[in-house]
């Protein structure tokens, strides 16, 4: 693996941290998730606020143009600040697992979709939400991220698990709050948090990864051509 990121001479990277950074460098570029999350939040807010939502008409086109510009600039920002790490080629085992998962999803998609719908209806009935207004996907996102972190032993796993636990609790609280206070489903604050929970979750995860990268890797002075 070619590591082209230059580090400050006064800051040492121990082998464990260097290995973690090179293996997860792309995944730690969290500003991409922040931008995608902001896109989902703004898209969801129009349904919540209706005609009072200010980002409409030509304002909406300006916001989308700003998103496109930011998505184009973000990879350049990471390259200029931290340098470049050559992506690791997937192993044969990983490639086989990926193909098998795709095949299972393709041939069993109808069965999986039916079970998913049945499970979703059961959960919505348990929380007294027959119309399906409560967003359950963010909770699954946090639980999936937490499960992955628990199964994968890596650097800073305790800190990440603690953060993911907080996120899971927060999203679960939003989902279950109407169970004890049904009138909350009409409150603007709850509707905003519920509708934008998926986008807010992506933004929180992205910010955490970006801050982790900034804390672990000093700012590069340039990009070298060493191999």
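Any read-out appearing in this document is the output of simple, stated calculations on the displayed coordinates, not a laboratory observation. Since the model is a prediction, treat every value here as computed from it, not as a measurement. Heads up, the Cβs are rebuilt from the backbone with ideal geometry, glycines too, and the neighbour counts pull from every protein chain shown.
Structure notes:
- Simple spin-label estimate for residue 148 and residue 96 in nanometres, 7 Å along Cα-Cβ: 2.3 nm
- Extent along the principal axes, Cα only, for segment 15-216: 54, 43, 35 Å, with the longest axis given first.
- Sorting the segments 198-210, 24-36, 64-76, 173-185 by their residues' average number of neighbouring beta-carbon atoms within 10 angstrom, most packed first, yields 198-210, 24-36, 173-185, 64-76.
- Our summary gives segment 15-216 a relative contact order of 49 percent, counting only alpha carbon pairs under 8 angstrom and 6 or more residues apart.
- Span from the segment 104-138 Cα centroid across to the segment 173-197 one, whole angstrom: 19 Å
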